[in-house]
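In what follows, a structure is listed as structure tokens, so that the remarks can point back to it.
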Amino acid sequence: MTNILCIGAGYVGGSTMPVIASHCPEDRFVVVDINEARIAAWQSDQLPIYEPGLDEIVRQTRGRNLFFSTETNRHIAEADIIFVSVNTPTKTFGQGAGRAADLQYWEKTARQILENSTSSKIVVEKSTLPVRTAEAMERILNSNNKGLHFDVLSNPEFLAEGTAIQDMQKPNRVLIGGRETEPGQKAVARLVEMYAQWVPRDRIITTNLWSSELSKLVANAFLAQRISSINAISALCEKTEADINEVAYAIGHDERIGRYFLRASVGFGGSCFKKDILNLVYLCEHYGLPEVARYWEQVVTMNEYQEARFAANMVTSMFNTVAGKRIALFGAAFKANTNDTRESPALEVCRALLAEQADIVITDPHAMDNACYDLKELAARVTFEPDPYAAARNAHAIAILTEWQQFAQLDYERIHDSMVKPAFLFDGRNLLDHEKLYEIGFNVYPIGKPPLTRLVTYGFRNA
Ligand code: UDX
Ligand code: ADP
């Protein structure tokens with residue numbers, strides 16, 4: 001039996017460990033966190049994160065070979081392998097503020113591991129980190145005079161929220177980076193063996209430490225770049241009557257480009273993309289590569305433009321003012337099937353409309369609590385309404401900001417009847433049937449397609 005510890009019970013630790021535990025019944029897994037409320041929630045029936053399939057797998061494994069605890073020090077002492085998935089937010093102070101990763105929790109964890117260890121261990125970086133973080137980690141850990149040896153591995157997480165369990169059950173690849181020394185390669189082999197319990201061997205990629213660390217940042221930068229690219233073209237489509245879905249379909253069928261991640265939207269959100277790209281930008285600057293830094297920075301700039309453009313289009317279309325108008329925002333989560341609102345474009349659009357003094361009501365099937373927390377400084381000016389029909393009642397406009405399937409199944413005739421006329425619908429996810437909405441009587445504004453409206457278009461096309 002191997003004792004496996006995961007430090008950090010957030011989205012990453014909390015969704016990966018139950019899956020690994022379910023495939024390695026011989027081993028014992030403990031997930032710890034400093035946040036007592038979070039651990040209490042992991043031990044209850046109300047898990048702290050919403051992720052399809054997670055409840056079931058936690059029910060199967062918890063109490064059998066998976067345990068949640070706040071006693072980090074004791075479990076460090078017992079562990080053979082330690083996964084570290086503590087948060088590495090963007091620095092808000094000092095050198096690199098707003099871009100570099102804040103590694104304070106990371107370093108504290110390394111020191112805590114060292115202090116409480118009485119045997120040699122494998123330490124696995126699970127969080128996304130700047131390339132060469134493992135070097136600092138090794139220095140701290142191996143600075144001991146207890147005769148202990150630590151092997152640091154990089155095993156970045158590629159799962160996406162909303163499909164995290166599915167992604168872990170059938171990963172398209174698992175990446176493991178380690179030192180090219182004998183003990184380093186032995187540690188890599190140990191981790192390969194663990195994943196090989198359920199992942200086909202040819203999907204487990206092993207590399208050197210730095211390639212693994214950097215690949216995670218690069219994967220997210222490339223994915224985000226595709227969305228910014230298609231969103232940039234959506235703006236051009238709106239000026240030229242090209243249709244973004246047709247363009248995406250046409251280019252996506254070029255096998256060299258491929259069809260995934262070409263859905264034009266109000267913008268990308270989530271805890272990873274912006275943070276990781278800015279981290280990459282900072283690293284490029286650090287290594288004296290300003291042109292490379294500017295190239296990647298533009299991906300984030302383009303995303304901010306898309307969010308701002310969406311909100312500005314709403315104002316322009318609604319006769320250049322939304323002051324005092326009730327607007328229903330359908331969706332707060334950064335994408336469907338998650339309660340996560342970190343960097344959600346929905347909240348950016350909300351803030352922009354509040355700045356125009358709109359009267360905002362938000363509805364979302366799972367993310368209302370998080371949205372309410374994120375918008376707490378604006379709480380007095382936002383209403384939260386679980387029922388989308390009630391949210392839309394007496395509204396001048398609806399904006400679809402998260403692609404929840406629930407929103408596609410609503411009765412839009414009923415909704416239209418209850419709204420102020422002319423009724424506007426801005427579809428930031430191209431989720432709905434626009435022709436049908438137009439027939440019902442809505443003025444419909446999709447992303448990257450000409451609007452369907454009976455009104456004179458104000459400054460929207462050819463402006
Ligand atoms: C991402 C990566 O996919 C994952 O591999 C990494 O480990 C963490 O970051 P996640 O943030 O959960 O995962 O969401 P993802 O599905 O990648 O979507 C990110 C954002 O892009 C969402 O706001 C989504 O709505 C948006 N998106 C995605 C688009 O706007 N268009 C697309 O075509 C795809
Ligand atoms: P991610 O999406 O990367 O999982 P989260 O912020 O959801 O990020 O989770 C990180 C978790 O790590 C948080 O629950 C936080 O309380 C926890 N954490 C941070 N530092 C420590 C530490 N030193 N020991 C234990 N847990 C920690």
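The values are calculated or read from the model by the stated rules, or taken from the named source; none is laboratory data. Since the model is a prediction, treat every value here as computed from it, not as a measurement. Cβ coordinates were reconstructed from backbone atoms using ideal geometry, including for glycine residues, and neighbour counts include every protein chain displayed. Heads up: the accessible areas ignore ligands, DNA and RNA and are worked out on the full protein's heavy atoms, side chains in. Shrake-Rupley method; radii C 1.70, N 1.55, O 1.52, S 1.80 Å.
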Item to check | Cα-Cα P(r), the chain, percent of pairs per 20 Å interval | outcome: 23, 51, 23, 2
Checklist outcome for this item: Applying the gyration tensor rule to the Cα atoms of segment 214-277 (axes a ≥ b ≥ c; rounded if a/c under 1.5, else prolate if a/b exceeds b/c, else oblate), the class is oblate
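Could you give the length gained by full extension between Q298 and E115, i.e. 0.36 nm per residue of separation minus their alpha carbon distance, to one decimal place?
Numbers: separation 183, 0.36 × 183 = 65.88 nm, distance 4.26 nm.
In short, 61.6 nm is gained.
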Next on the checklist: Name the residue from L153, F29, A346 whose Cα lies farthest towards the positive end of the charge dipole of the chain, charges +1 on Cβ of Lys and Arg and -1 on Cβ of Asp and Glu.
Outcome noted: L153
Item to check | Cβ-based charge dipole, segment 264-321, positive-most Cα from G270, N313, M302 | outcome: N313
Checklist entry - If you place +1 on the Cβ of every Lys and Arg, -1 on the Cβ of every Asp and Glu, and leave all else neutral, what size is the dipole of segment 319-463 about its Cα centre, to the nearest 20 Debye? => result 440
Checklist entry - What helices in the chain pass both tests, a Cα length along the helix axis of 30 Å or more and a mean Kyte hydropathy of -1.0 or higher, using whole DSSP H runs? => result 209-240, 290-317
Checklist entry - Roughly how big is segment 150-259's charge dipole about its Cα centre, with Cβ charges of +1 (Lys, Arg) and -1 (Asp, Glu), in debye to the nearest 20? => result 340
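If I stretch the segment between A160 and E180 completely, what's the gain in nm (0.36 nm per residue apart, minus their alpha carbon distance), one decimal?
That works out to 4.2 nm of additional length.
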Checklist entry - What FRET efficiency do you get for A40 and A379 if R0 is 25 Å and r is their Cβ-Cβ distance, rounded to the nearest 0.05? => result 0.45
Checklist entry - Zone of N172 (label point 7 Å along Cα→Cβ, backbone N under 19 Å): which residues in segment 119-162? => result 156-162
Checklist outcome for this item: Taking only protein heavy atoms and a 1.4 Å probe, the highest-to-lowest accessible-area order of Y282, Y11, Y287 is Y287, Y282, Y11
Next on the checklist: Let's see if you can work this out: charge +1 on each Lys and Arg Cβ, -1 on each Asp and Glu Cβ, no other charges. What is the dipole magnitude of the chain about its Cα centre, in debye to the nearest 20?
Outcome noted: 420
Item to check | Ranked packing of 62-74, 88-100, most packed first, by mean Cβ within 10 Å | outcome: 62-74, 88-100
Checklist entry - When the helices in the chain are scored as -39500 (n - 2.57) per DSSP H run of 4 or longer and the sum is shared across all residues, what 222 nm value do you end up with, to the nearest 500 deg cm²/dmol? => result -13000 deg cm²/dmol
Next on the checklist: At 1.4 Å probe size, with the rest of the protein present, what percent of the exposed accessible area of the chain is carbon and sulfur atoms?
Outcome noted: 50
Checklist entry - By its C-alpha gyration tensor, with a ≥ b ≥ c as the square roots of the eigenvalues, how is segment 285-352 shaped: rounded for a/c under 1.5, else prolate for a/b larger than b/c, else oblate? => result oblate
Checklist entry - Can you count the Lys pairs in segment 63-181 with C-alpha separation below 28 Å, eight or more apart or on different chains? => result 9
Checklist entry - So, in Å, what gap is there between the alpha-carbon centers of segment 274-305 and segment 201-245? => result 14
Checklist entry - What is the sum of charges around V58, taking Lys and Arg as +1, Asp and Glu as -1, for the other residues whose C-beta is under 12 Å from the C-beta of V58? => result -1
Checklist entry - Taking every DSSP beta bridge that has both residues in the chain, what percent is antiparallel when rounded to the nearest 5? => result 5
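Work out, step by step, the length gained on full extension between S69 and E135: first 0.36 nm times the residue separation, then minus their alpha carbon distance; give nm to one decimal.
Extra length from S69 to E135 when fully extended: 20.9 nm.
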Checklist outcome for this item: Ranking T72, T90, L54 by how far each Cα lies towards the positive end of the charge dipole of segment 1-150 (+1 on Lys and Arg Cβ, -1 on Asp and Glu Cβ), the top one is T90
Checklist entry - Tell me, what is the FRET efficiency for R351 and L452 to the nearest 0.05, using R0 = 25 angstrom and their Cβ-Cβ distance as r? => result 0.35
